[in-house]
Amino acid sequence: MPIPSRPALVEHLVRTRIAGDVATPRDNNLSHYRKLANGDRHYWLGLELGDRWTDEQDVLAVMAERCGVVDDPEHRAGQDTIDPELTVDALDRMAARLRKAAAGKERVLFATGHPGALLDVHSRTAAALRAAGCDIVRIPGGLTADEGYVVQFADVAVFERGASLWHTHSPEPMNAVLDGLRATDAPLPDLVVADHGWAGRAGQRGIDAVGYADCNDPALFIAEAEGTLQVTVPLDDHVVDPLFYEPMTAYLLDAAGLL
């Protein structure tokens with residue numbers, strides 16, 4: 001695939017609604033910000049936020065700054081946005097961390113709670129890092145969490161239940177992986193590339209982590225603001241066609257020097 005320029009990628013992100021005017025409605029975003037501020041751990045994505053983010057307006061301010069949602073607290077319904085320039089800025093920061101991983105031949109773990117959309121993004125990134133000499137972490141067999149199984153598909157850890165790969169925000173699958181590695185005396189990853197609770201819990205447990213997050217998942221943006229995650233890339237994490245992410249992945253890998 002041709003490598004898009006930055007302006008071409010921005011145009012693509014807006015046209016496919018990965019960024020720009022995204023599908024996630026404003027009222028859904030604000031509901032999630034409120035629930036995080038009210039201490040609902042489902043929305044903490046494996047992080048320990050304590051009592052530092054109990055004001056919904058503080059959460060909105062972070063999301064406006066780091067994701068590009070509308071910063072007006074009186075905007076309660078209708079369209080919300082992700083700033084595509086912030087998306088590409090974060091891709092550049094993620095690329096820098098991937099370049100460091102490649103230079104150091106690091107052990108890297110990939111995981112996704114969005115197997116229907118982001119699996120190929122993670123899988124292609126894993127393949128590029130392996131080609132650069134990194135050790136892509138293999139998870140132990142037989143791991144369970146949340147009444148399902150933690151398995152690996154195309155180098156990416158995913159949650160399986162009822163013979164299907166599931167969308168999950170839970171941090172428990174990442175706990176299972178890290179605890180399983182410890183139990184087998186395998187070294188922990190140097191870097192985790194993930195999303196949702198997979199990324200949040202890895203960062204909370206002190207592992208370098210970078211990830212992707214939607215505008216209704218504020219916890220990972222807060223984690224980057226606090227330094228628990230190194231990078232959070234804002235995007236719609238489930239657009240209608242997973243192929244829409246391919247130019248973004250090509251840009252990322254090229255910026256990381258992996259193509």
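The values are calculated or read from the model by the stated rules, or taken from the named source; none is laboratory data. In this text the structure is predicted, and so the values were computed from the model without any measurement. Cβ placement follows ideal geometry from the backbone for every residue including glycine, while neighbour counts extend to all protein chains displayed. Ligands, DNA and RNA are excluded from the accessible area calculation, which covers all protein heavy atoms including side chains. Shrake-Rupley method; radii C 1.70, N 1.55, O 1.52, S 1.80 Å.
How would the stretch 1-141 be classified by its alpha-carbon gyration tensor: rounded, prolate or oblate, with rounded meaning a/c under 1.5 and the a/b versus b/c comparison settling the rest?
Details: a/c = 2.25, a/b = 1.43, b/c = 1.57.
Oblate, because a/c is 1.5 or more while a/b does not exceed b/c.
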Which residues qualify? For Ala256, with a placed amide H closer than 5 Å and at least 5 residues away or on another chain, they are none
Note on the stretch 120-259: alpha-carbon gyration tensor, axes a ≥ b ≥ c; rule is a/c under 1.5 for rounded, else prolate if a/b larger than b/c, else oblate; result rounded
Length-normalised contact order of the chain, Cα under 8 Å, at least 6 apart, in percent, tallies to 27
Honestly the chain on the Cα gyration tensor test (a ≥ b ≥ c root eigenvalues; a/c under 1.5 rounded, otherwise a/b vs b/c for prolate or oblate) is just oblate
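Apply the membrane-span-like helix rule to the chain: whole DSSP H runs, Cα extent along the own long axis of at least 27 Å, mean Kyte-Doolittle hydropathy at least -1.0. List the helices found. Walk me through the numbers before you get to the answer.
Numbers: long enough: 84-103 (28 Å, -0.10).
Membrane-span-like by this rule: 84-103.
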With the 1.4 Å probe rolled over protein heavy atoms, the chain has an accessible area per residue in Å² of 40
The stretch 101-218: relative contact order from alpha carbon pairs under 8 Å, six or more residues apart, as a whole percent, is 28
Measure of exposure for Tyr43: accessible area at 1.4 Å probe, Å² rounded to 10, is 30
Magnitude of the Cβ-charge dipole (Lys and Arg +1, Asp and Glu -1) of the stretch 137-246 about the Cα centre, nearest 20 debye, reported as 380
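Can you tell me the dipole magnitude for the chain around its Cα centre, using point charges on the Cβ only (Lys, Arg +1; Asp, Glu -1), in Debye to the nearest 20?
Numbers: 23 positive and 40 negative charges, 175 e Å.
I would put it at about 840 debye.
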Rounded to the nearest Å, the spacing of the alpha-carbon centers of the stretch 161-176 and the stretch 207-234 is 19
For the stretch 27-69, the dipole about the Cα centre with charges only on Cβ (Lys and Arg +1, Asp and Glu -1), to the nearest 20 debye, works out at 120
Share of accessible surface on carbon and sulfur in the stretch 158-259, whole %, 1.4 Å probe and ligands ignored, is 48
